[in-house]
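To start, I am sharing the structure in question, which I have written as C-alpha coordinates.
The values are calculated or read from the model by the stated rules, or taken from the named source; none is laboratory data. As the structure is a prediction and not an experimental result, all values here were calculated from the model. As a convention, Cβ positions derive from the backbone with ideal geometry for all residues, glycine included, and neighbour counts pool all protein chains shown. Note: areas computed on protein heavy atoms with side chains; ligands, DNA, RNA excluded. Shrake-Rupley method; radii C 1.70, N 1.55, O 1.52, S 1.80 Å.
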Amino acid sequence: MTSTPVRIGIIGSGAVGGFYGLMLARAGFDVHFLLRSDYARVRDQGLTLDSARHGAVSMKVQVYNDAADLPPCDWLLVGAKATSNAELAPLIVQAAAPGAKVLLLQNGLGVEEQLRPALREDMHLLGGLCFICVSRQAPGVIRHQALGAVNVGYHSGPAAHDDRRGIVDAAAQLFHAAGLDSQAMDDLGLARWQKLVWNVPYNGLSVLLRASTTPLMGDADSRALIQALMGEVVQGAQACGYAVDDDYAAHLLRVTQQMPDYWPSMYHDHVQQRPLELQAIYAEPLARARAAGCHLPRIEALYQALSFIDRANRQG
(Lines give C-alpha, C1' and ligand atoms only; values in the text may rest on other atoms or scores of the structure.)
Protein backbone atom coordinates (compact mmCIF):
# COMPACT_ATOMS: atom_id res chain seq x y z
CA MET A 1 0.00 0.00 0.00
CA THR A 2 1.54 3.31 -1.09
CA SER A 3 0.98 6.64 0.64
CA THR A 4 -0.78 9.47 -1.16
CA PRO A 5 1.74 12.02 -2.54
CA VAL A 6 1.86 15.35 -0.75
CA ARG A 7 0.44 18.21 -2.82
CA ILE A 8 1.94 21.66 -2.18
CA GLY A 9 0.49 25.01 -3.23
CA ILE A 10 2.54 28.21 -3.45
CA ILE A 11 0.51 31.37 -2.84
CA GLY A 12 2.61 34.32 -3.96
CA SER A 13 5.36 33.10 -6.24
CA GLY A 14 7.77 36.03 -6.18
CA ALA A 15 11.28 35.78 -4.77
CA VAL A 16 10.51 33.80 -1.60
CA GLY A 17 7.60 31.67 -2.80
CA GLY A 18 9.24 31.09 -6.15
CA PHE A 19 12.54 29.98 -4.62
CA TYR A 20 11.11 27.53 -2.11
CA GLY A 21 8.45 26.25 -4.51
CA LEU A 22 11.01 25.64 -7.24
CA MET A 23 13.36 23.83 -4.86
CA LEU A 24 10.51 21.59 -3.72
CA ALA A 25 9.45 20.93 -7.32
CA ARG A 26 13.05 20.11 -8.26
CA ALA A 27 13.08 17.57 -5.41
CA GLY A 28 10.10 15.80 -6.99
CA PHE A 29 7.19 17.15 -4.96
CA ASP A 30 3.82 17.88 -6.59
CA VAL A 31 3.95 21.69 -6.47
CA HIS A 32 1.33 24.12 -7.81
CA PHE A 33 2.06 27.85 -8.19
CA LEU A 34 -0.54 30.62 -8.01
CA LEU A 35 0.72 33.77 -9.76
CA ARG A 36 -0.57 37.15 -10.85
CA SER A 37 1.63 39.42 -12.94
CA ASP A 38 4.20 36.75 -13.87
CA TYR A 39 1.64 34.14 -14.90
CA ALA A 40 2.01 34.29 -18.70
CA ARG A 41 5.82 34.25 -18.61
CA VAL A 42 6.05 31.35 -16.12
CA ARG A 43 3.34 29.39 -17.94
CA ASP A 44 5.28 29.62 -21.20
CA GLN A 45 8.90 29.53 -19.99
CA GLY A 46 8.84 28.14 -16.46
CA LEU A 47 10.71 29.45 -13.42
CA THR A 48 14.42 30.27 -13.56
CA LEU A 49 16.74 30.37 -10.56
CA ASP A 50 20.29 31.71 -10.47
CA SER A 51 21.62 30.43 -7.15
CA ALA A 52 25.05 30.90 -5.66
CA ARG A 53 24.47 27.70 -3.68
CA HIS A 54 22.34 25.47 -5.92
CA GLY A 55 23.47 26.60 -9.36
CA ALA A 56 21.25 27.37 -12.33
CA VAL A 57 17.79 25.82 -12.21
CA SER A 58 15.15 26.23 -14.90
CA MET A 59 11.91 24.23 -14.82
CA LYS A 60 8.47 24.18 -16.33
CA VAL A 61 6.07 24.20 -13.39
CA GLN A 62 2.35 23.79 -12.74
CA VAL A 63 1.06 27.35 -12.72
CA TYR A 64 -2.34 29.02 -12.30
CA ASN A 65 -3.75 32.53 -12.23
CA ASP A 66 -7.03 31.57 -10.51
CA ALA A 67 -7.16 29.85 -7.14
CA ALA A 68 -10.32 28.04 -8.25
CA ASP A 69 -8.19 26.06 -10.73
CA LEU A 70 -5.72 24.75 -8.14
CA PRO A 71 -6.27 21.18 -6.97
CA PRO A 72 -6.86 20.86 -3.20
CA CYS A 73 -3.46 21.25 -1.54
CA ASP A 74 -2.25 19.53 1.64
CA TRP A 75 0.34 22.25 2.27
CA LEU A 76 0.03 25.91 1.30
CA LEU A 77 3.18 28.04 1.47
CA VAL A 78 2.33 31.74 1.52
CA GLY A 79 5.23 33.73 0.10
CA ALA A 80 3.34 36.96 -0.60
CA LYS A 81 3.93 39.98 1.61
CA ALA A 82 1.83 40.40 4.76
CA THR A 83 0.38 43.59 3.28
CA SER A 84 -1.81 41.43 1.02
CA ASN A 85 -3.06 38.90 3.60
CA ALA A 86 -6.64 40.20 3.64
CA GLU A 87 -7.09 39.62 -0.08
CA LEU A 88 -5.11 36.36 -0.03
CA ALA A 89 -7.18 34.71 2.69
CA PRO A 90 -10.10 33.65 0.45
CA LEU A 91 -7.63 32.23 -2.10
CA ILE A 92 -5.87 30.20 0.60
CA VAL A 93 -9.15 28.74 1.82
CA GLN A 94 -10.22 27.97 -1.74
CA ALA A 95 -7.02 26.04 -2.46
CA ALA A 96 -6.88 24.18 0.86
CA ALA A 97 -7.63 20.47 1.15
CA PRO A 98 -9.43 19.32 4.34
CA GLY A 99 -6.98 19.64 7.24
CA ALA A 100 -4.51 21.64 5.15
CA LYS A 101 -1.38 23.10 6.71
CA VAL A 102 -0.79 26.78 5.90
CA LEU A 103 2.80 28.00 6.34
CA LEU A 104 3.30 31.77 6.37
CA LEU A 105 6.73 32.63 4.97
CA GLN A 106 6.40 36.25 6.10
CA ASN A 107 8.22 38.78 8.23
CA GLY A 108 7.02 40.66 11.29
CA LEU A 109 4.61 40.20 14.17
CA GLY A 110 0.88 39.56 14.13
CA VAL A 111 0.71 37.98 10.68
CA GLU A 112 -0.73 34.70 11.97
CA GLU A 113 -3.23 36.51 14.18
CA GLN A 114 -4.32 38.59 11.19
CA LEU A 115 -4.93 35.55 8.98
CA ARG A 116 -6.30 33.02 11.48
CA PRO A 117 -9.92 34.31 11.65
CA ALA A 118 -10.24 33.98 7.85
CA LEU A 119 -9.24 30.30 7.79
CA ARG A 120 -11.41 27.25 8.36
CA GLU A 121 -11.32 25.58 11.76
CA ASP A 122 -9.88 22.39 10.27
CA MET A 123 -6.84 24.20 8.87
CA HIS A 124 -3.49 24.28 10.68
CA LEU A 125 -1.58 27.60 10.70
CA LEU A 126 2.21 27.64 10.98
CA GLY A 127 4.81 30.37 10.80
CA GLY A 128 7.99 30.04 8.77
CA LEU A 129 10.98 32.32 9.21
CA CYS A 130 13.20 32.47 6.12
CA PHE A 131 16.88 33.28 6.51
CA ILE A 132 17.78 33.94 2.91
CA CYS A 133 19.20 36.50 0.48
CA VAL A 134 16.90 36.21 -2.52
CA SER A 135 15.32 38.66 -4.98
CA ARG A 136 13.15 38.68 -8.08
CA GLN A 137 15.26 39.89 -11.01
CA ALA A 138 12.57 39.80 -13.71
CA PRO A 139 9.24 38.01 -14.30
CA GLY A 140 9.87 34.36 -13.46
CA VAL A 141 13.58 34.95 -12.74
CA ILE A 142 14.93 34.64 -9.18
CA ARG A 143 18.42 35.39 -7.87
CA HIS A 144 19.59 33.56 -4.75
CA GLN A 145 22.75 35.02 -3.21
CA ALA A 146 23.13 33.21 0.13
CA LEU A 147 21.57 31.24 3.00
CA GLY A 148 18.14 29.60 2.61
CA ALA A 149 17.10 28.08 5.94
CA VAL A 150 13.44 28.01 7.00
CA ASN A 151 12.59 27.66 10.70
CA VAL A 152 9.02 26.51 11.38
CA GLY A 153 6.65 26.80 14.34
CA TYR A 154 3.01 25.88 14.98
CA HIS A 155 0.63 28.77 15.62
CA SER A 156 -2.93 27.45 15.81
CA GLY A 157 -5.34 24.84 14.58
CA PRO A 158 -7.11 21.62 15.54
CA ALA A 159 -4.01 19.59 16.43
CA ALA A 160 -3.65 18.56 20.06
CA HIS A 161 -0.59 19.96 21.79
CA ASP A 162 1.32 16.69 21.58
CA ASP A 163 0.58 16.39 17.84
CA ARG A 164 1.77 19.86 16.88
CA ARG A 165 5.45 18.98 16.94
CA GLY A 166 4.80 16.18 14.44
CA ILE A 167 3.24 18.66 12.00
CA VAL A 168 6.16 21.08 12.44
CA ASP A 169 8.64 18.26 11.95
CA ALA A 170 6.81 17.23 8.76
CA ALA A 171 7.21 20.78 7.43
CA ALA A 172 10.93 20.73 8.22
CA GLN A 173 11.27 17.39 6.44
CA LEU A 174 9.80 18.87 3.26
CA PHE A 175 12.57 21.46 3.19
CA HIS A 176 15.23 18.91 4.14
CA ALA A 177 14.13 16.77 1.19
CA ALA A 178 14.67 19.80 -1.05
CA GLY A 179 18.23 20.24 0.21
CA LEU A 180 17.42 23.14 2.54
CA ASP A 181 18.13 23.67 6.22
CA SER A 182 15.06 23.77 8.45
CA GLN A 183 14.54 23.66 12.20
CA ALA A 184 11.42 23.14 14.29
CA MET A 185 10.72 26.01 16.70
CA ASP A 186 9.03 25.43 20.03
CA ASP A 187 8.22 29.14 20.50
CA LEU A 188 7.07 30.91 17.33
CA GLY A 189 6.66 34.24 19.15
CA LEU A 190 10.27 34.21 20.31
CA ALA A 191 11.47 33.31 16.82
CA ARG A 192 9.53 36.20 15.28
CA TRP A 193 11.10 38.70 17.67
CA GLN A 194 14.53 37.25 16.89
CA LYS A 195 13.95 37.75 13.16
CA LEU A 196 12.96 41.37 13.84
CA VAL A 197 16.41 42.01 15.27
CA TRP A 198 17.64 41.85 11.65
CA ASN A 199 14.58 43.08 9.77
CA VAL A 200 13.96 46.27 11.72
CA PRO A 201 17.34 47.94 11.01
CA TYR A 202 18.32 46.59 7.60
CA ASN A 203 14.95 46.77 5.86
CA GLY A 204 14.14 50.25 7.09
CA LEU A 205 17.60 51.76 6.67
CA SER A 206 17.91 50.40 3.13
CA VAL A 207 14.93 52.60 2.20
CA LEU A 208 15.77 55.58 4.41
CA LEU A 209 19.47 55.75 3.47
CA ARG A 210 19.19 54.11 0.02
CA ALA A 211 21.96 51.71 0.94
CA SER A 212 22.47 47.94 0.80
CA THR A 213 24.01 45.83 3.55
CA THR A 214 27.71 46.25 2.68
CA PRO A 215 27.81 50.08 2.79
CA LEU A 216 25.51 50.09 5.83
CA MET A 217 27.95 47.83 7.64
CA GLY A 218 31.01 49.67 6.36
CA ASP A 219 30.10 53.13 7.66
CA ALA A 220 30.70 53.80 11.34
CA ASP A 221 27.58 55.93 11.83
CA SER A 222 25.15 53.62 10.04
CA ARG A 223 26.64 50.58 11.78
CA ALA A 224 26.19 52.29 15.15
CA LEU A 225 22.56 53.03 14.23
CA ILE A 226 22.03 49.38 13.24
CA GLN A 227 23.40 48.25 16.62
CA ALA A 228 21.19 50.73 18.47
CA LEU A 229 18.08 49.60 16.60
CA MET A 230 18.94 45.96 17.22
CA GLY A 231 19.34 46.73 20.90
CA GLU A 232 15.87 48.27 21.01
CA VAL A 233 14.32 45.20 19.37
CA VAL A 234 15.95 42.99 22.01
CA GLN A 235 14.69 45.37 24.69
CA GLY A 236 11.15 45.22 23.29
CA ALA A 237 11.21 41.43 23.08
CA GLN A 238 12.37 41.10 26.67
CA ALA A 239 9.69 43.52 27.86
CA CYS A 240 7.10 41.30 26.15
CA GLY A 241 8.40 38.22 27.94
CA TYR A 242 10.60 36.73 25.20
CA ALA A 243 14.11 35.79 26.28
CA VAL A 244 16.12 37.11 23.33
CA ASP A 245 19.74 36.91 24.43
CA ASP A 246 21.66 40.17 24.60
CA ASP A 247 24.36 38.57 22.42
CA TYR A 248 21.92 37.72 19.62
CA ALA A 249 22.39 41.11 17.93
CA ALA A 250 26.16 40.63 17.85
CA HIS A 251 25.62 37.22 16.23
CA LEU A 252 23.47 38.77 13.48
CA LEU A 253 26.04 41.48 12.87
CA ARG A 254 28.68 38.81 12.29
CA VAL A 255 26.38 36.89 9.93
CA THR A 256 25.60 40.04 7.94
CA GLN A 257 29.27 40.96 7.72
CA GLN A 258 29.89 37.62 5.98
CA MET A 259 26.94 37.93 3.57
CA PRO A 260 27.28 39.18 0.00
CA ASP A 261 26.04 42.71 -0.55
CA TYR A 262 22.24 42.52 -0.34
CA TRP A 263 19.30 44.84 -0.91
CA PRO A 264 16.55 43.84 1.58
CA SER A 265 13.05 43.15 0.33
CA MET A 266 11.64 46.44 1.64
CA TYR A 267 13.95 48.36 -0.67
CA HIS A 268 12.64 46.43 -3.68
CA ASP A 269 9.07 47.16 -2.58
CA HIS A 270 9.94 50.86 -2.33
CA VAL A 271 11.51 50.95 -5.80
CA GLN A 272 8.46 49.20 -7.29
CA GLN A 273 6.13 51.59 -5.40
CA ARG A 274 4.51 48.69 -3.55
CA PRO A 275 3.23 49.13 0.03
CA LEU A 276 5.95 48.65 2.63
CA GLU A 277 5.48 46.04 5.36
CA LEU A 278 5.38 48.71 8.05
CA GLN A 279 2.53 47.27 10.10
CA ALA A 280 4.07 43.86 10.75
CA ILE A 281 7.72 44.93 11.04
CA TYR A 282 7.32 48.24 12.93
CA ALA A 283 3.83 49.19 14.11
CA GLU A 284 2.96 45.84 15.73
CA PRO A 285 6.24 45.44 17.66
CA LEU A 286 6.03 49.07 18.81
CA ALA A 287 2.45 48.58 20.00
CA ARG A 288 3.29 45.38 21.88
CA ALA A 289 6.34 46.94 23.52
CA ARG A 290 4.32 50.04 24.45
CA ALA A 291 1.63 47.86 26.05
CA ALA A 292 4.38 46.25 28.12
CA GLY A 293 5.57 49.69 29.30
CA CYS A 294 8.59 49.81 26.99
CA HIS A 295 9.31 52.81 24.73
CA LEU A 296 11.56 52.27 21.69
CA PRO A 297 12.37 55.79 20.43
CA ARG A 298 14.76 54.95 17.60
CA ILE A 299 12.43 52.34 16.09
CA GLU A 300 9.50 54.75 16.42
CA ALA A 301 11.44 57.50 14.63
CA LEU A 302 12.41 55.08 11.86
CA TYR A 303 8.78 53.94 11.54
CA GLN A 304 7.55 57.55 11.27
CA ALA A 305 10.14 58.39 8.62
CA LEU A 306 9.29 55.27 6.60
CA SER A 307 5.57 56.01 6.85
CA PHE A 308 6.15 59.43 5.28
CA ILE A 309 8.39 57.97 2.55
CA ASP A 310 5.88 55.21 1.80
CA ARG A 311 2.91 57.59 1.47
CA ALA A 312 4.83 60.03 -0.70
CA ASN A 313 6.26 57.25 -2.88
CA ARG A 314 2.89 55.65 -3.64
CA GLN A 315 1.10 58.98 -4.16
CA GLY A 316 3.76 60.00 -6.68
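Given Cα positions, please report Rg to Rh for segment 234-276, the hydrodynamic radius being the Kirkwood one.
Checking Rg against Rh, the ratio lands at 1.15.
What does DSSP give for the chain in terms of the percent of beta bridges that are antiparallel, rounded to the nearest 5?
Close to 40 percent.
Using only Cα atoms, locate the centre of segment 237-288 and the centre of segment 214-231, then give the distance between them in Å, rounded to an integer.
13 Å
I would also like to ask the following. Using the Cα centre as the reference, give the magnitude of the dipole from point charges on the C-beta atoms of segment 166-253 (Lys, Arg: +1; Asp, Glu: -1; all else neutral), rounded to the nearest 20 debye.
360 debye
Here's a follow-up. Between R223 and A146, what is 0.36 nm times their sequence separation minus the Cα-Cα distance? Round to one decimal in nm.
Taking 0.36 nm per residue and subtracting the Cα distance, the gain is 25.6 nm.
Let me ask another. Tell me the relative contact order for the chain as a rounded percent, counting alpha carbon contacts under 8 Å between residues six or more apart.
The normalised contact order for the chain reaches 15 percent.
Leaving ligands and nucleic acids out of the surface, order H124, H161 by accessible area at 1.4 Å, largest first.
On the way: H124 20, H161 150 Å².
The most accessible residue leads, giving H161, H124.
Order W263, W193 by their accessible area, 1.4 angstrom probe, all chains in place, largest first. Let's see the in-between values first.
On the way: W263 85, W193 5 Å².
Highest to lowest solvent-accessible surface, that is W263, W193.
Can you give the percent of C-alpha pairs in the chain whose distance is more than 37 Å?
Working: 6238 of 49770 pairs.
Value for the chain: 13 percent of Cα pairs lie more than 37 Å apart.
Which whole-Hz ³J(HN,Hα) couplings does segment 303-312 yield from phi under the Karplus relation 6.51 cos²θ - 1.76 cosθ + 1.60, θ = phi - 60°, glycine and proline marked x?
3J(HN,Hα) across segment 303-312, in whole Hz: 4, 5, 5, 5, 4, 4, 4, 5, 4, 5.
Need one value: the accessible area of Y262 in square angstrom, 1.4 angstrom probe, rounded to the nearest 10.
20 Å²
Could you give the accessible area per residue of the chain, probe 1.4 Å, as a whole number in Å²?
43 Å²
Out of Y248, W193, Q279, whose Cα points farthest toward the positive end of the dipole of segment 188-316 (charges: +1 Lys, Arg; -1 Asp, Glu; placed on Cβ)?
Q279
Taking only Cα atoms of segment 21-106, what ratio of Rg to Rh do you get with Rh as the Kirkwood inverse-distance radius?
Rg/Rh for segment 21-106 comes to 0.96.
Which whole-angstrom value gives the distance between the alpha carbon centres of segment 113-148 and segment 48-68?
Value for the Cα centre distance between the two parts: 15 Å.
Rounded to the nearest 10 Å², what accessible area does R274 have for a 1.4 Å probe in the complete protein model?
100 Å²
Based on DSSP H runs of at least 4 residues, each adding -39500 (n - 2.57), what is the mean residue ellipticity at 222 nm of the chain after dividing by all its residues, to the nearest 500 deg cm²/dmol?
On the way: 12 runs with 144 residues, N = 316.
-14000 deg cm²/dmol, from helical runs alone.
Related question: Can you give the alpha-carbon Rg of segment 153-292 over 2.2 N^0.38 Å, where N counts its residues?
Numbers: Rg = 16.8 Å, N = 140, 2.2 N^0.38 = 14.4 Å.
Ratio of Cα Rg to 2.2 N^0.38 Å: 1.17.
OK, next. Enumerate the amide H contacts of L103 below 5 Å, restricted to partners 5 or more residues apart or on another chain; note that Pro and chain-start residues carry no placed amide H.
For L103, the qualifying residues are L76, L77, V78, L126.
Sticking with this structure for a sec: What translational diffusion coefficient, in µm²/s and rounded to a whole number, does the Stokes-Einstein relation yield for segment 141-220 at 20 °C and a viscosity of 1.002 mPa s, taking the hydrodynamic radius as the Kirkwood radius over Cα pairs?
141 µm²/s
Moving to a separate point now. Which residue, chosen from A211, P139, G231, occupies the Cα position most advanced towards the positive end of the dipole of segment 130-243, where the dipole is computed from +1 (Lys, Arg) and -1 (Asp, Glu) charges on Cβ about the Cα centre?
Final value for the positive-end residue is P139.
Quick query: amide H of C240 versus all other amide H atoms, modeled in the peptide plane; which residues come in under 5 Å with a sequence gap of 5 or more or a different chain?
Sorted by chain and number, the residues that satisfy this come to none at all.
Right, next: Determine the dipole magnitude for the chain: charges of +1 sit on the beta-carbon of Lys and Arg, -1 on that of Asp and Glu, nothing else is charged, the reference point is the Cα centre, and the result goes in debye to the nearest 20.
For the chain, the charge dipole is close to 660 debye.
Sticking with this structure for a sec: Roughly how much of K81 is accessible, in Å² to the nearest 10, using a 1.4 Å probe?
It works out to around 60 Å².
Here's a follow-up. Treating the beta-carbon of each Lys and Arg as +1 and of each Asp and Glu as -1, no other charges, what is the dipole magnitude of segment 58-119 about its Cα centre, to the nearest 20 debye?
So the magnitude is around 140 debye.
Moving on to the next point. List the GluC sites (Glu not before Pro) in segment 110-160 that DSSP assigns to loop (not H, G, I, E or B) and whose Cβ has at most 14 other Cβ atoms within 10 Å. Which are they?
Counting only loop positions with at most 14 other Cβ atoms within 10 Å, the GluC sites (Glu not before Pro) in segment 110-160 are E121.
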